[in-house]
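One structure is given below, encoded as structure tokens.
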Amino acid sequence: MNRYFFYNFILVSFINLMLYVPHILMADRYRGAVQSLIIGAVIGTILLYLYTGALARYPGKGLPEILKMHLPKWISNSLISFFTFMWLYATSLAIIAFAIMINRFFNPDVHVSLILAMLVLACGYAATRSSLTVMFVIEIGLIVNAPIILFVLFKAGSNPHLNWDAIRVIANYVTKAPTLASTAAASFIFTGYINMSLFNRLMPPNSRFRHRWIYPLMGFVILLITFFVPIGIHGTETVGNYIYIWSITADSLLMQYGFIERVLFLFLIVYLNLTLVFTMSGWHQAMEFVKSMISNHKPEIDSEKTPLSNYVIVGVFIALTFVYLLLTNEKLNMLISTYWLIFRMFVEILLVIGIFILSRRRPRSA
């Protein structure tokens, strides 16, 4: 089912608007961010083609099964444990960032921990469902919310007050050498392919990843809009003063029809839905990775009854998310997220190259 790959790619492409990626790019707008957009797109495209090409050789198998086919158990379990942390941190970061955003823009009187509690309970319950159910939730979430996001992007891009001179000024810095942080941030928008590490289990035999050229093109267009539109609306200097730059950008837009006048309310509601879906997907993948390390575990894509272990594992994820919230603040979270994006880029490069090499080798059992 080629649409499964499409859903995961689009989900991550859209979710980057809400995370710290735009802020990191804006911070380096005079120091190579423009060139980073190009380099990040090239890196993301190469990794996308290599990884999907490797996974096509293992229809119906996820990353844990592939590693176990080629590597000793202790090595494969160590790698799976590491990837569990990567998936868990990425999605927990998103839900914490959105809880802070709701506290700031919607209801400052409610403590962020209470907001986070309501969000993680919904995400945690959904993450315990089967892989097929999770994919269907992703599908429904995108069908409902993607048109609204595209509408917001179109409205921002067609804003009559968009200052094209400001965009041209920043675009002229294309000759500046890119920074590592901005390159890692730019490449994040293409990282949806990595979710096929688990959801490749849903791919039937003889399936192929078709029309892959569409995804880099679509991702690069979204990346350009993500970076340049806020600059055109806020100006070359003011754009660097905001952390949640796209929330401020949406708040600067008005609709002259309907019962919702401020685009910000529509934007945050839609991104609340997408954040819940993104966190649900990430926690589900991390949960399945943990279960794959259990001896004699057989992966199921659609189980009739939810195992008790699902609730226990996700319960631990919820607890760890609250611990992270208590141990960090917004400034520290931003710093950690920047270093994590850099770390993630190198980990993905090594993972993709490793799986690509393994896909050309015969399994240990053969």
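Sort W164, W246, W74, W87 from largest to smallest accessible area, using a 1.4 Å probe on the heavy atoms of the protein chains.
W74, W164, W87, W246
Taking the full set of protein chains and a 1.4 angstrom probe, give the accessible area of I38 in square angstrom, rounded to the nearest 10.
80
Going by accessible area, probe 1.4 Å, with all protein chains left in place, what is the ranking of R29, R210, R262, largest first?
R210, R262, R29
Given the options E304, E139, E237, which has the most mean-square fluctuation in a GNM of the chain, springs set between C-alpha atoms less than 10 angstrom apart?
Fluctuation is largest for E304.
Quick check: residue separation of L254 and V144 times 0.36 nm, minus the Cα distance between them. What number comes out in nm?
37.5 nm
Please calculate the 1.4 Å probe accessible area of I225, with all protein chains present, and give it to the nearest 10 Å².
About 50 Å², ignoring ligands and nucleic acids.
Under the Kirkwood approximation for Rh and a Cα-based Rg, what ratio Rg/Rh is obtained for the chain?
Radius of gyration over Kirkwood radius for the chain works out to 0.96.
Could you tell me which of rounded, prolate or oblate describes the range 54-163, using a ≥ b ≥ c as the square roots of the eigenvalues of the alpha-carbon gyration tensor, with rounded for a/c under 1.5 and, failing that, prolate when a/b is larger than b/c and oblate otherwise?
Since a/c reaches 1.5 and a/b is larger than b/c, the shape of the range 54-163 is classed as prolate.
Two decimals, Cα atoms only, Kirkwood Rh: what is Rg/Rh over the range 202-249?
Here the Rg-to-Rh quotient is 1.30.
Tell me, in nm to one decimal, what length is gained between V169 and D302 on full extension, where the rule is 0.36 nm per residue of separation less the Cα-Cα distance?
42.6 nm
If I take every Cα pair under 8 Å that is 6 or more residues apart in the chain, average their sequence separation and divide by the length, what percent do I get for the relative contact order?
40
Find out how many positive minus negative residues lie around V34, taking Lys and Arg as positive, Asp and Glu as negative, among other residues whose Cβ is under 14 Å from that of V34.
Residues near V34 contribute +3 overall.
Under 20 Å between alpha carbons: how many lysine pairs meet that in the chain, if sequence neighbours fewer than 8 apart on the same chain are excluded?
8
Give the carbon-plus-sulfur fraction of the accessible surface of the range 2-361 in %, rounded to a whole number; probe 1.4 Å, heavy atoms of protein chains only.
Carbon plus sulfur share of accessible area: 68 percent.
For q = 0.11, 0.15, 0.19, 0.20 Å⁻¹, what log10 I(q)/I(0) does the range 206-355 give under the Debye formula with an equal point scatterer on each alpha carbon and no solvent?
-0.75, -1.26, -1.45, -1.46
Mind telling me which of A171, A126, A33 comes out most flexible in a GNM of the chain, alpha-carbon contacts under 10 Å?
Result: A171 has the largest fluctuation of those listed.
Give me a comma-separated list of calculated 3J(HN,Hα) values for the range 346-356, in order, Karplus coefficients 6.51, -1.76, 1.60 applied at θ = phi - 60°, integers in Hz, x for any Gly or Pro.
Once rounded to whole Hz, the list reads 5, 5, 5, 4, 5, 4, 5, 4, x, 5, 5.
Hey, what's the per residue convex hull volume over the C-alpha atoms of the range 1-90, in cubic angstrom?
With only Cα atoms used, the range 1-90 gives 129 Å³ per residue.
Tell me the per residue accessible area of the chain using a 1.4 Å probe; a whole number in Å² is fine.
44
The values are calculated or read from the model by the stated rules, or taken from the named source; none is laboratory data. What you see is a predicted model; the values in this text were computed from it and never measured. For neighbour counting, all protein chains shown are included, and Cβ atoms are generated from backbone atoms with ideal geometry for every residue, glycine included. Side chains included, ligands, DNA and RNA excluded: accessible areas come from the protein's heavy atoms. Shrake-Rupley method; radii C 1.70, N 1.55, O 1.52, S 1.80 Å.
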